[in-house]
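Everything below concerns the one structure shown next.
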2 protein chains.
Amino acid sequence: MKLLFLGTGAGVPAKPRNVSSLALMLLEERNSIWLFDCGEATQHQILHTSLKPRKIEKIFITHLHGDHIFGLPGLLGSRSFQGGETELTIYGPKGIREYVEVSLRISQTHLKYPLSIIEIENGVIFEDEQFTIETLLLDHGIASYGYRIMEKDKKGTLDADRLLSEGIPPGPIYKLLKMGETVTLEDGRVINGINYLGPEIKGRVICVLGDTRPCENAVTLASCADVVIHEATFSADSDEMARNYFHSTTAQAARLALNAQADTLYLNHISSRYLKENWNQLTEEAKAIFPNTKMAYDFLETTIDTHKN
Amino acid sequence: MKLLFLGTGAGVPAKPRNVSSLALMLLEERNSIWLFDCGEATQHQILHTSLKPRKIEKIFITHLHGDHIFGLPGLLGSRSFQGGETELTIYGPKGIREYVEVSLRISQTHLKYPLSIIEIENGVIFEDEQFTIETLLLDHGIASYGYRIMEKDKKGTLDADRLLSEGIPPGPIYKLLKMGETVTLEDGRVINGINYLGPEIKGRVICVLGDTRPCENAVTLASCADVVIHEATFSADSDEMARNYFHSTTAQAARLALNAQADTLYLNHISSRYLKENWNQLTEEAKAIFPNTKMAYDFLETTIDTHKN
Ligand SMILES: [Zn+2]
Ligand SMILES: [Zn+2]
């Protein structure tokens, strides 16, 4: 599981930071990529990475502001042109369907793969055997959602040494025991797999928040997350401006991470008013409140390791 | 009058060539910029030039394929964000209004300048004291237009030396004579300005063609143009492929320029199947038919001089 930041700026593209997009690379987990937001020229950013558009399985849109969606029609078309044939699902606020459908229809873009568009509300929007994804509305004027991606816990490892020492030879039953099932041996012994499993490995939790003022739902979504990606459009001393524009400051992002007892915070969606030489100061403002803060930048790639017991 | 190519590739963006956009810089003529097509990331390309989005006065869309329009909503929004306040007019085929209006509405992009959208048909779509613009439908499956931009002829220069030698002193009447008017002097002489003007300076003609197969309307639009910008998606030996995809080859573009008796041809909209090392060959194919051929590339800037007498 890796994160690859594709666009970390706010509002309009600038040379040092493109508008919003973030890839959650699940290549080991499911050989696919999940994208969060798709600002203009996201597909151009992807040209400079190892990402294959045909591997993009899901695109989650936090909100409908242009800097988060204007790259969507182009990426959808190019994914088809470049041989993408597997289904793609877009999740986003009400309106995303009309935007995508009108853009594809007017441009006569004919996709060679099935496209699903799901307009979301608060709650669980996706669940399979690996992941559960939950969304809650934030506070951004326009409907803006945060996403909590929860990997399911994994069964502990089977203690093969102990099974061997108790005279239970390897074979198909090991697989059943590994799944925590109960097995009756030929000699009549009844073995419960659960007694031979190490502790469960807790799944990872990633929280990607759309543009927002500080709000309670953000804390809920970020609760005990391994990684929180939070906008920090403004510096710590710009509370009023942040409030007026429905955004957050570096310090507000840090307080969110602290209150949520998260592990790592990435500051994202940085206004182009801050030049490169100010970036360090912005990070320090947040670190003073939440030490494990990092600043996102375009093409930053980071691995989120599985938990160990 | 300058041309600045912003995107010269076909279909999908690639590292060496972005999707379509071309700026006609009329800074001396009217302190404004006219844009032809606006593929995704046109505003990103502009960041690497001296162009100011607020100076963009008109945007002409040749056709509604994604690689020609997906940069439009973002550019419109950024022009507003960056302080553009003067009116902007978009010309394009039927459908351009719905695309722009839906994109701006869904993204809640509120422009701080007046936006006009004119859905075009064959004929004169604009005329003022400087320019006339005419469009004709080409042959691209989807409605695709070519634009002929005609600068109006300018009056010749006033022969002040001759006026002086005939005892007519400089003054307000020179202005009238320069406009070709007839003036009665205090001594009773009647002077017709036309007799003191050099030959008219012919206006320049630029022809920007949308994607197309070879067709008669393209020749009409390009007739005796100073500069023709023509797509050359495929190489000279790919007639059948060009025909199937409603595009042109290098040789077809060259024959158009020859038949139209144009002065200079720019090959544009080059497929990314041709690598940098093939570009020279593509140009040579066209030059064999029309010697004054040049290949467009991203950020190529060229001056179109006024005619001399
Ligand atoms: Zn934003
Ligand atoms: Zn095209």
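The values are calculated or read from the model by the stated rules, or taken from the named source; none is laboratory data. As the structure is a prediction and not an experimental result, all values here were calculated from the model. Cβ placement follows ideal geometry from the backbone for every residue including glycine, while neighbour counts extend to all protein chains displayed. Calculation scope for accessible area: heavy atoms of the full protein, side chains included, ligands and nucleic acids excluded. Shrake-Rupley method; radii C 1.70, N 1.55, O 1.52, S 1.80 Å.
Considering each of B:64, B:76 in turn, give the residue that is in a helix (DSSP H, G or I), more than 14 Å from the chain's Cα centre (by Cα) and within 11 Å of chain A (Cβ to nearest Cβ).
Values: B:64 fails: in a helix (DSSP H, G or I).
Within the list B:64, B:76, the selection yields B:76.
For the stretch B:19-39, enumerate the residues that are acidic (Asp, Glu) and in contact with a helix residue (DSSP H, G or I) (Cβ under 6 Å, 6 or more places away or on another chain). So that I can check it myself, show each step before the final result.
Of all residues in the stretch B:19-39, those acidic (Asp, Glu) come to B:28-29, B:37.
Correct list: B:37 only.
Where the second residue is part of a loop (DSSP other than H, G, I, E, B) and the first is over 17 Å from residue A:162 (Cα atoms) and lies in the stretch A:178-189, which pairs have Cβ atoms under 9 Å and are six or more apart or on separate chains? What qualifies is A:187/A:167.
Okay, residues lined up against (1) more than 14 Å from chain B (Cβ to nearest Cβ); (2) within 17 Å of residue A:279 (Cβ to Cβ):
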residue	(1), (2)
A:3	yes, no
A:16	no, yes
A:19	no, no
A:22	yes, no
A:25	yes, no
A:29	yes, no
A:32	yes, no
A:37	no, no
A:41	no, no
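Does the stretch B:168-187 contain at least one residue that is surrounded by 11 or more Cβ atoms within 10 Å (Cβ to Cβ) and within 14 Å of chain A (Cβ to nearest Cβ)? No, the stretch B:168-187 contains no residue that is surrounded by 11 or more Cβ atoms within 10 Å (Cβ to Cβ) and within 14 Å of chain A (Cβ to nearest Cβ).
Would you mind finding the one in A:8, A:89 that is surrounded by fewer than 20 Cβ atoms within 10 Å (Cβ to Cβ), touching a residue at least 24 places away in the same chain (Cβ under 8 Å) and among the hydroxyl-bearing types (Ser, Thr, Tyr)? First the steps, then the outcome.
Details: A:8 fails: surrounded by fewer than 20 Cβ atoms within 10 Å (Cβ to Cβ).
Just one listed residue meets the conditions, A:89.
How many residues, within the stretch A:34-61, are assigned to a loop (DSSP other than H, G, I, E, B), on the phi < 0 side of the Ramachandran plot and buried (at least 24 other Cβ atoms within 10 Å of the Cβ)?
Going residue by residue through the stretch A:34-61, those that are assigned to a loop (DSSP other than H, G, I, E, B) are A:37-41, A:47-52, A:61.
Now restrict to residues that are on the phi < 0 side of the Ramachandran plot: A:38-40, A:47-52, A:61.
If we keep only those that are buried (at least 24 other Cβ atoms within 10 Å of the Cβ) as well, we get A:38-40, A:61.
Of the residues in that region, 4 qualify.
Can you pull out the residues in the stretch A:228-257 that are open to solvent by 20 Å² or more (accessible area, probe 1.4 Å) and in contact with a His (Cβ under 7 Å, 6 or more places away or on another chain)?
The answer is A:246, and nothing else.
Any residue that is assigned by TED's automatic domain parsing to the domain that holds residue A:211, aliphatic (A, V, I, L, M) and in contact with a Lys or Arg (Cβ under 8 Å, 6 or more places away or on another chain) - is there at least one of those in the stretch A:44-67? Among the residues of the stretch A:44-67, at least one is assigned by TED's automatic domain parsing to the domain that holds residue A:211, aliphatic (A, V, I, L, M) and in contact with a Lys or Arg (Cβ under 8 Å, 6 or more places away or on another chain), which makes the answer yes.
Filter the stretch B:117-130 down to residues that are outside any loop (DSSP other than H, G, I, E, B) and in contact (Cβ under 8 Å) with a residue 24 or more places away in the chain and give me whichever is least open to solvent (accessible area, probe 1.4 Å). Talk me through it step by step, then tell me what you get.
Initial filter on the stretch B:117-130 (outside any loop (DSSP other than H, G, I, E, B)): B:117-119, B:123-127.
Okay, now just the ones that are also in contact (Cβ under 8 Å) with a residue 24 or more places away in the chain, so B:117-119, B:125-126.
Working: B:117: 18, B:118: 68, B:119: 67, B:125: 34, B:126: 34 Å².
Step by step, filter the stretch B:117-130, then rank; the result is B:117.
In the condition set (1) closer than 11 Å to residue A:209 by Cβ; (2) buried (at least 23 other Cβ atoms within 10 Å of the Cβ), residue A:260 is compliant with all but (2). Counting only residues that are open to solvent by 10 Å² or more (accessible area, probe 1.4 Å) and within 16 Å of ligand 2 (Cβ to nearest atom), the stretch A:64-79 holds 1 of them. If the condition is being touching a Phe, Trp or Tyr at 6+ places or on another chain (Cβ under 8 Å) and either in a loop (DSSP other than H, G, I, E, B) or in contact (Cβ under 8 Å) with a residue 60 or more places away in the chain (or both), then the stretch A:159-175 contributes only A:159.
Checked against (1) open to solvent by less than 50 Å² (accessible area, probe 1.4 Å); (2) within 14 Å of residue B:226 (Cα to Cα), residue B:289 passes all but a single condition, namely (2).
Scan the stretch B:136-148 and tell me whether some residue there is under 30 Å from residue B:62 (Cβ atoms) and of a type in the set (Lys, Arg). Show your work before the answer.
Of the residues in the stretch B:136-148, the ones under 30 Å from residue B:62 (Cβ atoms) are B:136-148.
In the following step, the residues that additionally are of a type in the set (Lys, Arg) were identified as B:148.
Yes, because at least one residue in the stretch B:136-148 is under 30 Å from residue B:62 (Cβ atoms) and of a type in the set (Lys, Arg).
Of all residues in the stretch B:11-33, those that are small (Gly, Ala, Ser) and crowded, with 24+ Cβ neighbours inside 10 Å total 2.
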